[in-house]
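Everything below concerns the one structure shown next.
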Number of protein chains: 2
Amino acid sequence: MRMSDGVEWALHVAAVLAVVPPDKGLTAAKLSEFHGVPGAYLAKHLQALTRAGVFEAVPGRNGGYRLARAAKDITVLDVVEAVDGRARAFTCSEIRQRGPAAGPKSDYRGVCGIARVMYDAEEAYRDTLRNVTIEDLLSSFVKHATTGTQVRSATWLQKELSS
Amino acid sequence: MRMSDGVEWALHVAAVLAVVPPDKGLTAAKLSEFHGVPGAYLAKHLQALTRAGVFEAVPGRNGGYRLARAAKDITVLDVVEAVDGRARAFTCSEIRQRGPAAGPKSDYRGVCGIARVMYDAEEAYRDTLRNVTIEDLLSSFVKHATTGTQVRSATWLQKELSS
DNA sequence: AGAAAAGTGGACAATAGATATCCGGATAGG
DNA sequence: CCTATCCGGATATCTATTGTCCACTTTTCT
């Protein structure tokens with residue numbers, strides 16, 4: 001089970017957009033340059049994030065992307081689900097209803113016990129991500145990154161911010 | 001992010017093997033028949049489970065598979081990791097070290113804050129699976145399945161148990 | 001001893017999904 | 001009108017999953 005790289009990109013992008021003033025934006029091209037990832041493919045994910053209502057896109061000249069709401073109101077789960085989808089990782093194919101010991105369909109009302117456990121685990125996973133916001137990610141960066149990295153990031157951002 | 005179907009198969013197989021007496025076994029062919037899944041492919045997963053020390057394989061005539069230890073001592077996580085591997089779903093590609101704002105490698109000692117959150121979530125996922133045993137799965141089946149299903153399963157098992 | 005049944009592991013093909021690019025269309029600003 | 005930007009579809013490529021097959025070894029039954 002492997003998670004799409006797009007999720008990692010999206011979270012980094014969200015963290016960067018969190019320090020962009022609400023009236024400004026960053027283009028897909030600038031975001032891909034800053035993170036060193038393929039622009040055309042990142043754009044796909046940015047569109048998904050916009051559709052999900054996590055980012056906001058400003059079309060036209062001087063357009064770009066920004067957060068759709070305050071960084072403290074966007075959870076990591078919001079971003080993950082926007083990129084990776086809301087489908088469960090574990091899909092129950094109702095094995096219990098197959099084979100020689102299977103009975104009539106009415107015998108299988110509730111969720112299969114095995115699926116139940118897997119769903120619970122995924123819910124625990126989501127709970128963790130739901131309790132961390134983009135603002136938290138930013139705090140972590142400010143707390144742990146070297147001063148040099150923070151200065152370089154801020155400088156680049158100042159230079160590239162669109163109107 | 002989608003989990004391999006093999007995990008579902010393996011958990012169902014483990015639940016069935018949990019009711020097989022310790023001195024008996026079930027062949028890969030019988031297990032695939034009982035669950036209505038492709039035999040050759042299930043065999044691959046059974047081998048992985050054996051390598052991981054979750055199942056025990058008895059080669060030769062009258063051979064088959066059985067649990068390597070008591071059902072209460074095998075967790076769902078054991079089975080999931082045996083089939084799906086122990087690799088993390090989220091892989092950090094150190095995006096922070098790329099792009100125009102990147103600094104020298106020594107600037108990035110600890111784990112990236114974003115990766116940290118994703119790792120924590122996966123640990124919460126694993127914690128859930130670690131706290132459910134194969135015996136628990138069996139209890140759930142006994143508690144929730146209809147009597148008819150349980151009788152049909154037991155009957156089939158009686159008939160097919162190898163010596 | 002010989003035959004049959006079973007797991008092992010490698011090679012291989014088919015399929016699906018993730019990754020990545022490109023282009024025409026819509027939209028907004030100069 | 002022209003340019004920069006986002007949008008969405010079509011398409012190509014790569015990789016992992018899924019699935020099959022076969023030769024090989026081990027064990028047991030006759």
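Assorted remarks:
- All-pairs Cα distance distribution in the stretch A:1-125, expressed in whole percent, bin size 5 Å: 2, 9, 18, 17, 13, 9, 7, 7, 6, 5, 4, 2, 1
- About its Cα centre, the protein assembly as shown has a charge dipole of approximately 400 debye under the convention of +1 per Lys or Arg Cβ and -1 per Asp or Glu Cβ, with nothing else charged.
- Counting only lysines at least 8 places from B:Lys44 when in the same chain, those with an alpha carbon closer than 16 Å to its own are B:Lys30.
- Counted charge near A:Val37, where neighbours are those whose Cβ lies closer than 13 Å (Asp, Glu -1; Lys, Arg +1): 0
- In chain A, Cα pairs under 8 Å separated by at least six residues give a relative contact order of 31 percent.
- Among A:Leu42, B:Leu129, B:Ala68 - extreme Cα towards positive end, dipole of the protein assembly as shown, charges at beta-carbon: A:Leu42
- Plainly put, the stretch A:20-82 has a radius of gyration that is 0.94 times its Kirkwood radius, both from alpha-carbon atoms, as the Rg/Rh ratio.
- Position A:Thr146: other-copy label points at 6.8 nm, ordered by increasing distance, label point 7 Å along Cα→C-beta.
- Here the protein assembly as shown has an Rg and Dmax of 24.7, 78 Å, counting Cα atoms alone.
- For A:Gln47, inter-copy label distances in nm, listed shortest first [label point 7 Å out on the Cα-Cβ vector]: 4.3
- For the stretch B:105-163, the alpha-carbon coordinates run over 65, 28, 13 Å along the three principal axes, in decreasing order.
- Crossing angle, helix A:134-144 versus chain A [Cα axis fit, 0-90 degrees, rounded to tens]: 60 degrees
- The distance from the alpha carbon centre of the stretch B:1-56 to that of the stretch A:1-71 is 44 Å, rounded to a whole number.
- 0 to 90° range, to nearest 10: angle between helix A:5-17 axis and chain A longest Cα axis: 40 degrees
- Residue with peak Gaussian network fluctuation, chain B [Cα springs, cutoff 10 Å], from B:Gln47, B:Gln97, B:Gln150: B:Gln97
- Estimated from helices alone, the mean residue ellipticity of the protein assembly as shown at 222 nm is -16500 deg cm²/dmol (sum of -39500 (n - 2.57) over DSSP H runs with n ≥ 4, per residue).
- For B:Arg116, label point 7 Å along C-beta direction: distances to other copies, nm: 3.7
- Note on A:71-84: average number of Cβ atoms from other chains within 10 Å of each residue's Cβ is 1.
- Reachable lysines from A:Lys24, criterion Cα separation under 17 angstrom, eight or more residues apart if same chain: A:Lys159
- Tilt relative to chain A, helix A:39-51 - C-alpha long axis, 0 to 90 degrees, to 10: 70 degrees
Computed from the coordinates by the stated procedures, all read-outs in this text should not be read as laboratory data. None of the values given here were measured: they were computed from a predicted structure. Reconstructed Cβ throughout: ideal geometry from the backbone, glycine too, with neighbour counts over all protein chains shown.
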